[in-house]
Amino acid sequence: MSLAIIINGLVVGCIYSLIALGFSMIFKASGLTNFAHGESVTIGALLGFTVLKVTGLPFGLSLVLVFILSGLLGILIEKLAYRPIRVKNAPEINGVISSVGMILILANGAMLVWGAEPLAYPASIGGSLFQILGMTVSSYSLWILAITALLMVVLQVFLNRTMLGKSMRAVADSMLLARLTGIKVDRIISLTFGLGAAFGGVAGVLFAPIYYASFDIGVIGLKSFAAAILGGYGNMAGAVTGGLLLGVVEAVGSTTISSVYKDAIAYGILIMILLLKPSGLFGHEVGRRA
Amino acid sequence: MAILEAAGVSKSFGGLMVLRGVSLTLHEGELRGLIGPNGAGKTTFFNILTGVLSADSGRINFDGQDIGSYPIHQRARRGLIRTFQIPQPFSGMTVLESTMTGTHMYYRAEVWSSVLRTRKEREEEEEARAKAKEILRFVGLADRENALCANLPVGEQRLLELARALAAQPRLLLLDEPTAGLRASEKEALKEVLLEVNKKTTILLVEHDMRVVMSLCSRISVLSYGELIAEGTPEEIQRDPKVIQAYLGEGAIAT
Amino acid sequence: MIAAVLVATLVQSRFIISLLNYSLVYVILALGLQLIVGVTGQLSLGHAAFYGIGAYASAIATTRFGMPWVVGILLAMAFATLGSLLMSLTVRTRGIYFAVATLAFGIIIHLVFVNWVPVTRGTMGILGLERRLWGQWRIDSPQGYFLFLAFVVCAVYVFLARLTDSRFGRALKAIRENELAAQSIGIDVTRYKIKSILIGGATAGLAGSMMAHLTRMVTPEPFGWWKSIVLLIMIVAGGLGSMPGAAVGAFVLTLLSEYFRGYAEYSMLAYGLIIVFFMIYLPEGLAGLWHIIIQKVRWGGRRAVW
C-alpha cells in the first residue's frame, strides 16, 4: 500500500469533511437531519462551473462567490421548506421527509438548468504534477488540503470569537436557553443552514475538478453523512476526523478489495457504524438532542 | 409474600450517584408510597425496576425471579406494568384503541389469523374490546372512547395512561406521579379508582401530593439523595426527624 | 374487482390499459411500504431493493431455468423476504439512522444489480420474459394482465388492511406512536418491526415479479434509491398510515407521471414539490383531507368490515 493512496484518500476525505461539517452543524442547531444537504454540493459544483466559465474569475475568487451564493440558497431553502414544518412542532419524520423531497427538487432542478451531461472544469485547474518523496502528487491535491485546513480555522475562529458564532453555539446547545437569553433562534438556525450549504457548495467546487460537475453528484452527501456519524454526529471536530478517515479507508479498500464496489464499501461501513457504534468512534456525542 | 425485592440498587450518571444501594421489598397486595424531594432518584428507580435503565449494581427479584437482565417488554410480560410521569400516549390512536393495545399480551392472533379473521381472532377482538370498554368505564373515560388520545386534556391523559396499564393486567402497578396536574376533584376521583385497583393489584406509587400519599398508602418509603432514609406507616413517616429534615432542607413542608 | 372486470372489457385502448397496469404495480409497492413507514413508523428508504430482488428472482427463474411464472412469483417473494431479513438487521437503529441505513442498503443492492453481471447481466438486463403462468396457461393480452393484476392488488389490499386493523396492527401502530410505551405493555418491539419489514418486503418482491413480466424485461435502472423515494412520496401524498391513501396516492401519481411521460424531466421535480407541499400544508395526505370531508358529513368511527 503506497503513501500516494493515502494522500488521495485524504484529499477526498477533505471533501467529505467539509460536507459532513454541514450535516453536523445543521443537525446541532435545528435537530433536523437534512437529507438534501448533499445537493448543496451539486449546486455548488454546477454554480462553480458557470461562474468560472461566464466570469472568467480566478479559481479562488470563484470559490468565494460560490460560498456566498450557496449560503444564500441554503437560507432560502430553509425558509421555504423546513421552517414552516419546524414551527408547527410536527413529528421529526415530517422534516426528514420534506428534506428527502428537497433532494428531488434540487437535483432535478439542477438537471433542468445545467442539463444531464457531466460538465468538466477547465483542465488548468487540475494543476501540475510533481514529485514529493518519490510520489507523484498533483498541486491541486495540495490546494484542496490547504483550502480545507483554512476553512476549518476560519470556522473555529468564527464560532469561538464572533458574536454570531457564539449565538450559533448557544442555539446548538439549547434552543430554549438561547431563546430565553434573547437570541433570535429562527434567524440563527437559518444562518446555520446557510453556513452548512456554503461549506457544501465549496466542497462541490473543490470536488468537481477531480471528478466532474453534474446534477447527480449529490449522492456524495450520503457518504459524508457516514463521515459525520463516524466522528460523532453533531460534533464538529468529529465530522472532520470522520471525513478524513472515511476517505482513507475508502481509498485503501477500493485498491485492495474491489474498485467496482468502492461505493458499496463506504455504504457498508456506514451501516456497520449505525449498527455497532451509532455514537461514533469517539463516542462522546449522542446523536439525539435532549 | 414478597412480590418485589430490590436489593442494593445503585446507579450513577457520569460521576453523579443517583441511587446508592436502595433496597425495597413490596408485599403482595400492598399500596406502597415512594416519596422524596425533587431529584431524590424516584423516577430513576422506576426506570431501573422496569428495565428502561440498567442498574450499575444490585439485584431485582420479581415474584421470586431475578429480572435484572430482562428487557422492558419481558418484565411487562411478568406483570410489572408502569405509567409515566410525563404521559406517553399513543397519540394517533383513539382512546379505545389505545386501551385495547394494553391487552396485547393476553391474546395470540398474529399475521395469518388476523388476515383470515378466524373465529378465534374475532372472539379475541370482541373480548379485548369489551375489556377495554369496561376499563374505560372504570376509570371514567367511557364517553371519550372515540376521541384521539392526542386531543385529551392533561387530566384525562393521566386516566388514559392508567387505563392502558390496567388493560395489561398488572400484578405490580408502578405509578409515577399519577395526580400531577390534576384538579382537586379529579384527584379525589383517582384516589377512589386506585383504592379499587389495589383490591386486586399491588401498587407502588410515586407521588408529590402528600395528602394523596398519606391517605392512600398503608406504608411509605422515603428516598433522599438516592438513599432510602425511612420506611413506615404514614404516621411514623410524618414524625420521622430524618424525613422532616430532608423536606425542610428543600424548603418544602410535609403536611 | 367488479370494476376491474368492467374496465377490462370496456377499455380497448392498449395505452390506457398499460397505464393502468403500471399504476397497479405501484399500488402494490406503496401498500407494502405503507405497512413499514406509515403503520410501523420506520422510515425505510430501501424499498426499491426488494422490488428489484423480486424482479430479478422472477426473471432468472423463468428465463434461465424455464420455470412457470407462478414459481417465479413465489421465488420473488421468497428472495425479497430474505433480502428484507438482511435489512431488518438495521431495526436496532432508531429514527433517522434507520432511514440512512436502509437508504445505504438500497444503494448497495442496486450496485449489485448493476455489477453482478454473471447473474443479472448488468446494464444489458434480462430480456424476453414470458407470461406462462403454469403449464400451457398464459396471460398474453394486456386486458388479461390487467385482470390478473387487479386480483393481486385486491388480495394484497385486503391482506394489509385487515392486518393493520387487528391486534397485530395495533402493536405496529403502538411502536410508531411510542416505542417505550409499547414495550411497557409487553410488546416485543424488535420482533414486530422485523415482521413488518418482512411482510412489506415480500409484497415488494411480488410487485417486482409483476413489473418484470409486464414489461417482459428487467434492467437495474428502475430499482435505484430514487425509486424508494418516489414510493415514499406516493404514501405521503396518500396519507401516512392509511392503506386506502397509499393505494390512491400510488395510483394517481403513477397515472399522472406515465400520462405526462413526454415531460419526464419534470416529473421528479414535480414529485419533490408534491412531497414538500404535503409535508408543509397537508401532512396527513389525501387520507387526512378525506377524513375532514367525511367528518363534515357524518360522525363516529367503526371498524372497517373487510
Practice prompt. Sort out which residues of region A:24-51 are open to solvent by less than 10 Å² (accessible area, probe 1.4 Å) and either polar (S, T, N, Q) or touching a His at 6+ places or on another chain (Cβ under 8 Å) (or both), and write them in order of number.
Written response: A:S24, A:I26, A:T33, A:T42
Response to the item:
Residues in region C:166-178 that are more than 8 Å from chain B (Cβ to nearest Cβ) and under 12 Å from C:G241 (Cβ atoms) total 1
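Residues are listed down the side, and each one gets a yes or a no for (1) free of Cβ contacts under 8 Å to residues at least 12 places away in the same chain; (2) within 14 Å of another protein chain (Cβ to nearest Cβ); (3) closer than 27 Å to C:V189 by Cβ:
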residue: C:W69; (1), (2), (3): no, no, no
residue: C:L74; (1), (2), (3): yes, no, no
residue: C:S84; (1), (2), (3): no, no, yes
residue: C:S88; (1), (2), (3): no, yes, yes
residue: C:I96; (1), (2), (3): no, yes, yes
residue: C:T102; (1), (2), (3): no, yes, yes
residue: C:F105; (1), (2), (3): no, yes, yes
Worksheet item: When you go through A:S141, A:S70 one by one, which is the residue that is closer than 30 Å to C:V236 by Cα, more than 10 Å from every other protein chain (Cβ to nearest Cβ) and buried (at least 19 other Cβ atoms within 10 Å of the Cβ)?
Response: A:S70
Worksheet item: Based on what the data block shows, is A:V113 farther than 19 Å from A:S190 by Cα, open to solvent by 70 Å² or more (accessible area, probe 1.4 Å) and either in contact with a strand residue (DSSP E or B) (Cβ under 9 Å, 6 or more places away or on another chain) or modelled with pLDDT of 85 or more (or both)?
Response: yes
Worksheet item: Just one of A:L10, A:L57, A:L21, A:L63 is open to solvent by less than 50 Å² (accessible area, probe 1.4 Å) and either within 17 Å of A:P209 (Cβ to Cβ) or of a type in the set (D, E) (or both); which is it?
Response: A:L63
Fill in: Matching residues, region C:188-237, being under 10 Å from the mean Cα position of the chain (by Cα), among the hydroxyl-bearing types (S, T, Y) and within 13 Å of chain B (Cβ to nearest Cβ)
C:T203
Discussion item. On the basis of being in the same structural domain as B:I229 (by TED's automatic domain parsing) and under 25 Å from B:A180 (Cβ atoms), does B:G8 make the cut?
Written reply: no
Worksheet item: When you go through C:A155, C:A181, C:A161 one by one, which is the residue that is out of contact with any helix residue (DSSP H, G or I) (no Cβ under 6 Å at 6 or more places or on another chain), more than 9 Å from chain B (Cβ to nearest Cβ), in a helix (DSSP H, G or I) and under 27 Å from B:E126 (Cα atoms)?
Response: C:A155
Worksheet entry | The listed residue being loosely packed, with under 15 Cβ neighbours inside 10 Å, under 22 Å from the mean Cα position of the chain (by Cα) and within 29 Å of C:R94 (Cβ to Cβ), out of A:L76, A:L104, A:L80 | A:L80
Item to complete: Among the strands (runs of 3 or more DSSP E) lying completely within region B:1-77, list those that include at least 2 residues that are touching a Gly at 6+ places or on another chain (Cβ under 6 Å).
Response: B:2-13, B:16-27, B:57-62
Fill in: Matching entry among C:S44, C:S58, C:S23 (being open to solvent by less than 10 Å² (accessible area, probe 1.4 Å) and assigned to a loop (DSSP other than H, G, I, E, B))
C:S44
Worksheet item: Looking at region B:48-66, which of its residues are crowded, with 20+ Cβ neighbours inside 10 Å and within 17 Å of the chain's Cα centre (by Cα)?
Response: B:I48, B:L49, B:T50, B:G51, B:I60, B:F62
Worksheet, complete the sentence: The helices (runs of 4 or more DSSP H) lying wholly within region A:159-230 that contain at least 1 residues that are touching a Phe, Trp or Tyr at 6+ places or on another chain (Cβ under 8 Å) and touching a residue at least 60 places away in the same chain (Cβ under 8 Å) are A:185-207, A:220-230
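The values are calculated or read from the model by the stated rules, or taken from the named source; none is laboratory data. Quick caveat: nothing in here was measured; it's all calculated off a predicted structure. Backbone-built Cβ (ideal geometry, glycine too); neighbour counts: all protein chains shown. The protein model used for the area step is the full one, side chains on, heavy atoms only, and it has no ligands, DNA or RNA in it. Shrake-Rupley method; radii C 1.70, N 1.55, O 1.52, S 1.80 Å.
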